[in-house]
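*Asks:* Questions regarding the structure given below will be posed in turn.
The values are calculated or read from the model by the stated rules, or taken from the named source; none is laboratory data. The shown structure was predicted, so the numbers you read here are calculated from the model rather than taken from an experiment. Quick reminder, even Gly has a Cβ in these numbers, built from the backbone with ideal geometry, and neighbours come from all protein chains shown.
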Amino acid sequence: MPLGHWLFNETSPAAAGTAASSQPVQNAASFLPSGVAGPLDDYLEVRAVARLVGATGGTLDVYLQFSPDAGQSWDDLAHFAQLAAAAPAATYTLTTSMRPSTITTIGTGLSPALAANTVAGGPWGDRIRLVMVAGAGTSAGANVLVTLLAQRHRVVQ
């Protein structure tokens with residue numbers, strides 16, 4: 001089964017506020033070489049591995065958002081555990097599939113609202129981005145490294 005492999009390597013905001021990744025994961029032009037072709041919506045399952053460190057002076061929330069309309073709008077897909085100020089490095093993993101999930105309150109655009117430690121699940125459109133929200137009192141950003149691995153279904157002929 002072909003795998004896709006993408007990497008976000010970002011720095012969280014250095015002051016209270018919200019920032020989105022500069023390069024959303026989209027298609028073959030935005031992934032690390034791993035023999036994959038086609039857009040993200042060709043995959044049935046996505047696994048994310050996040051290596052996160054708390055920002056200085058304030059909390060840090062890290063979200064994955066998807067776009068159902070080629071980047072015109074964005075909706076919450078997942079929210080990792082909230083990191084306390086200066087929290088030590090921690091690694092988190094999540095897996096989401098195209099199967100629909102239960103009704104969940106989500107945010108849109110740069111106003112994410114999905115509860116911490118939650119994955120919304122269901123179809124994710126053709127692109128995914130990282131959104132980071134630094135809390136009040138934040139005085140320095142932190143390194144945010146998220147790897148996405150996607151798996152296509154096996155085609156039976």
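*Asks:* Of the residues that make up segment 93-108, is at least one more than 17 Å from ARG47 (Cα to Cα) and charged (D, E, K, R)? Steps first, answer last, please.
*Replies:* From segment 93-108, those more than 17 Å from ARG47 (Cα to Cα) are 102-108; that's our starting set.
Checking which are charged (D, E, K, R) leaves us with none.
Checked segment 93-108: no residue is more than 17 Å from ARG47 (Cα to Cα) and charged (D, E, K, R).
*Asks:* Could you check, for segment 132-142, whether at least one of its residues is in contact with a strand residue (DSSP E or B) (Cβ under 6 Å, 6 or more places away or on another chain), part of a strand (DSSP E or B), closer than 22 Å to ALA15 by Cβ and of a type outside the set (Gly, Ala, Ser)?
*Replies:* yes
Per-residue answers, yes or no, for (1) basic (Lys, Arg); (2) within 17 Å of GLN72 (Cα to Cα); (3) buried (at least 18 other Cβ atoms within 10 Å of the Cβ):
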site: THR93; (1), (2), (3): no, no, no
site: ARG99; (1), (2), (3): yes, no, no
site: THR108; (1), (2), (3): no, yes, no
site: THR118; (1), (2), (3): no, no, yes
site: GLY125; (1), (2), (3): no, yes, yes
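*Asks:* Can LEU77 be described as in contact with a Phe, Trp or Tyr (Cβ under 6 Å, 6 or more places away or on another chain), buried (at least 16 other Cβ atoms within 10 Å of the Cβ) and at pLDDT 90 or above?
*Replies:* Details: in contact with a Phe, Trp or Tyr (Cβ under 6 Å, 6 or more places away or on another chain): yes; buried (at least 16 other Cβ atoms within 10 Å of the Cβ): yes; at pLDDT 90 or above: yes.
Considered against the rule, which asks whether it is in contact with a Phe, Trp or Tyr (Cβ under 6 Å, 6 or more places away or on another chain), buried (at least 16 other Cβ atoms within 10 Å of the Cβ) and at pLDDT 90 or above, LEU77 comes out as yes.
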